[in-house]
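K.L.:
Can you keep this structure in mind? I'll have questions shortly.
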């Protein structure tokens, strides 16, 4: 597939990717038209626009996440999501 | 008197009129309609629930908003609503489908080993109920009577969103038939300072709506149908508590801890030496900043003996609580005629704080001698303002040690107090680990102005001079980390520490000691109690 953009980021929150970070991630993902998916190194791809699915990934502190997006704004989507995770979910 | 026993979930004693909150599971399902109509019911119920939650989310504190936001996200979550829609297409009613999906999701969360995730099952239950009641158009649920006066809210079980929906100013206490003291609601009630007992069982159902009742969450007791004598005794107990513990502002007193139970030291910033204007010590773990500029009268600093008496009485007043006295901090925005340099082009970057030692060693030595003598009267800590490089700290320490030695030789009782530094200059923050210091105290006002290059008195640039700027917080975190590594206390004594909006940022940066303006104590403690790492 041509339009697939991929990025990686590490979870820096000591308590992992749970409610508040997951809400922030899903909210941000929903602002893009591109389909956005996230996975841990050994897990399945989940829809980044679903807080519920993100929670269930149980991504803990230090887990590397891979983000992939496909669509018109895929590049921006991956860039922004990586930024959010890298900044430990602090809004800029 | 009739009594119902429960488990204390949030301390306090309260009186009020009983107000029942309907929280029973939805009953009276309407007959199942066509797939299209069931779909429409679902959409409508989700829409109503979303509306209610977004109305609620406005104006909530951090952790409270977090709980509501998570529920709102679930309402829009394809992995939840998609499953419900598929079940409706397969012939289930909207209610059946919704409840089945929510039950399954809840089970998923509950079986999770990670406590952060499993606790979220509470939120799913909360949301599940809200939508279910809308699906059956439960009139009891929808009806919201405004609460008036002091109300004791009774319910079978109370969810976080139902709790937050209450007009909490009118709620004097809460008692529930079910529930647990560790639930989200109990935590919220504690943070809000509302007495609450849980696990009261069937007994509550016998109380008449509107009847006067008493709640003693200290011992987990709910009483109603009290006679005149009992009533008088209960009211006296409430009054006694109000006076002795200051229940009117009960959350003011007592130690502050985060949602996850981490202690945060709350110290007071003090001006002047008139004890009548000082705060109630019970609200504080100590004095984090005693400003000595205020001892100046008509441009002259009191002599050594007078200062000694002032510091001594300060330490005696504080008892076993630590007191941090700051060396004279003149200059910058605090020019003192005859002491600070005249005609400085940029006084904020000039001879100020400990830099003035070079100009007036006799004033500083007098103050340091007074402090060393007073140090025997309590837990004295002395800090130096405007430290830029490690050599300044070494010089200060050497001076202080020499003073103690000379006093000792003269046979004067004295002691070397703990010696700490203010961190106001970015160089001090960046190199915090390099300084020979017993503790750090971050002065955020100067740190902000130096990091962001905005003068403190330039109000047109206030939008730039923000404590929640990432660079400022990064520097604060560096100091917190350096202190943590070397086991030195790091506190913040600038205005940022007294701002409840900024407190979460400081806690996140690793700060666990705040020195604040006394008037802010209730708000700052509230902010701490609502905070958790995530």
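The values are calculated or read from the model by the stated rules, or taken from the named source; none is laboratory data. None of these values were measured; they are calculated from a predicted model. Using ideal geometry, Cβ is built from the backbone for each residue, glycine included, and neighbour counts are taken over all protein chains shown.
K.L.:
For region B:181-227, list the strands (runs of 3 or more DSSP E) that sit wholly inside it and hold at least 3 residues that are surrounded by fewer than 22 Cβ atoms within 10 Å (Cβ to Cβ) and modelled with pLDDT under 80; which are they? Give the derivation first.
P.N.:
Details: elements: B:196-198, B:212-216, B:221-224.
Once the strands (runs of 3 or more DSSP E) in region B:181-227 are filtered for at least 3 residues that are surrounded by fewer than 22 Cβ atoms within 10 Å (Cβ to Cβ) and modelled with pLDDT under 80, nothing remains.
K.L.:
Which number in (1) in a strand (DSSP E or B); (2) over 19 Å from residue B:79 (Cα atoms); (3) within 14 Å of chain B (Cβ to nearest Cβ) marks the one condition that residue A:60 misses?
P.N.:
Every listed condition holds for residue A:60 apart from (1).
K.L.:
Please state which of the following conditions residue A:75 fails to meet, knowing it meets all the rest: (1) in a helix (DSSP H, G or I); (2) buried (at least 20 other Cβ atoms within 10 Å of the Cβ).
P.N.:
Evaluating residue A:75 over (1) in a helix (DSSP H, G or I); (2) buried (at least 20 other Cβ atoms within 10 Å of the Cβ) leaves (2) as the failure.
K.L.:
Further, regarding this structure: Quick check on residue B:175: is it crowded, with 19+ Cβ neighbours inside 10 Å and either outside any strand (DSSP E or B) or modelled with pLDDT of 90 or more (or both)?
P.N.:
yes
K.L.:
If I ask for residues that are under 37 Å from the mean Cα position of the chain (by Cα) and surrounded by fewer than 16 Cβ atoms within 10 Å (Cβ to Cβ), which ones from region B:8-52 would you list?
P.N.:
B:22, B:24, B:25, B:47, B:51
K.L.:
Collect the residues in region B:87-127 that are within 11 Å of another protein chain (Cβ to nearest Cβ), in contact (Cβ under 8 Å) with a residue 40 or more places away in the chain and outside any helix (DSSP H, G or I), keeping them in residue-number order.
P.N.:
Within region B:87-127, B:119, B:120 qualify.
K.L.:
Would you pick out the residues in region B:51-73 that are within 14 Å of chain A (Cβ to nearest Cβ) and farther than 18 Å from residue B:163 by Cβ?
P.N.:
B:73
K.L.:
How many residues are farther than 30 Å from residue B:32 by Cα, modelled with pLDDT under 75 and surrounded by 13 or more Cβ atoms within 10 Å (Cβ to Cβ) when one looks only at region B:136-154?
P.N.:
1
K.L.:
Could you say whether any residue in region B:77-85 is in a loop (DSSP other than H, G, I, E, B) and more than 30 Å from residue B:252 (Cα to Cα)? It would help to see each step written out before you state the result.
P.N.:
First, the residues of region B:77-85 that are in a loop (DSSP other than H, G, I, E, B): B:77.
Checking which are more than 30 Å from residue B:252 (Cα to Cα) leaves us with B:77.
Yes, that holds for at least one residue.
K.L.:
Would you mind listing the helices (runs of 4 or more DSSP H) fully within region B:420-534 where at least 3 residues are free of Cβ contacts under 8 Å to residues at least 60 places away in the same chain? Don't jump to the end; show me each part of the working.
P.N.:
Details: elements: B:426-430, B:444-452, B:470-486, B:503-508, B:521-529.
Fully inside region B:420-534 and qualifying: B:426-430, B:444-452, B:470-486, B:503-508.
K.L.:
For region A:15-32, what are the residues that are more than 11 Å from chain B (Cβ to nearest Cβ) and part of a loop (DSSP other than H, G, I, E, B)?
P.N.:
A:31, A:32
K.L.:
Now, a different point. Working only within region B:156-172, note down all residues that are touching a strand residue (DSSP E or B) at 6+ places or on another chain (Cβ under 6 Å), farther than 19 Å from residue B:127 by Cα and modelled with pLDDT under 90.
P.N.:
B:170
K.L.:
Further question: Given B:460, B:466, which one is more than 25 Å from residue B:263 (Cβ to Cβ), within 14 Å of another protein chain (Cβ to nearest Cβ) and surrounded by fewer than 22 Cβ atoms within 10 Å (Cβ to Cβ)?
P.N.:
B:466
K.L.:
Shifting gears a bit: Just to be sure, is residue A:35 buried (at least 21 other Cβ atoms within 10 Å of the Cβ) and within 14 Å of chain B (Cβ to nearest Cβ)?
P.N.:
Answer is no for this residue.
K.L.:
Turning to a different aspect of this structure: In region B:158-172, what residues are in a helix (DSSP H, G or I) and farther than 26 Å from residue B:254 by Cα?
P.N.:
Matches in region B:158-172: B:161, B:162, B:165.
K.L.:
If you scan region A:63-72, which residues turn out to be surrounded by 15 or more Cβ atoms within 10 Å (Cβ to Cβ), under 16 Å from residue A:39 (Cα atoms) and away from chain B (no Cβ under 14 Å)?
P.N.:
Residues satisfying the conditions are A:65, A:66, A:67, A:68, A:69, A:70.
K.L.:
A further question follows. Looking for something modelled with pLDDT under 75 and surrounded by 19 or more Cβ atoms within 10 Å (Cβ to Cβ) - is there at least one such residue anywhere in region B:280-302?
P.N.:
Within region B:280-302 (the criterion being modelled with pLDDT under 75 and surrounded by 19 or more Cβ atoms within 10 Å (Cβ to Cβ)), the answer is no, since none of the residues qualifies.
K.L.:
So residue B:506 fits all but one of (1) farther than 30 Å from residue B:346 by Cα; (2) under 12 Å from the mean Cα position of the chain (by Cα); what number is the exception?
P.N.:
Among (1) farther than 30 Å from residue B:346 by Cα; (2) under 12 Å from the mean Cα position of the chain (by Cα), residue B:506 violates only (1).
K.L.:
Can you find a residue that is free of Cβ contacts under 8 Å to residues at least 24 places away in the same chain, assigned to a helix (DSSP H, G or I) and in contact with a helix residue (DSSP H, G or I) (Cβ under 6 Å, 6 or more places away or on another chain) anywhere in region B:44-59?
P.N.:
The answer is yes; a qualifying residue exists.
K.L.:
As an exercise: evaluate residue A:81 against (1) surrounded by fewer than 19 Cβ atoms within 10 Å (Cβ to Cβ); (2) within 13 Å of the chain's Cα centre (by Cα); (3) farther than 20 Å from residue B:124 by Cβ and give the number of the one condition it does not meet.
P.N.:
Unmet condition: (1).
K.L.:
Which condition breaks for residue B:167 when tested against (1) free of Cβ contacts under 8 Å to residues at least 60 places away in the same chain; (2) more than 30 Å from residue B:46 (Cβ to Cβ)?
P.N.:
(2)
K.L.:
May I ask you to list the residues in region A:39-52 that are in contact with a helix residue (DSSP H, G or I) (Cβ under 7 Å, 6 or more places away or on another chain) and either more than 10 Å from every other protein chain (Cβ to nearest Cβ) or under 21 Å from residue A:90 (Cα atoms) (or both)?
P.N.:
A:48, A:49, A:50, A:51, A:52
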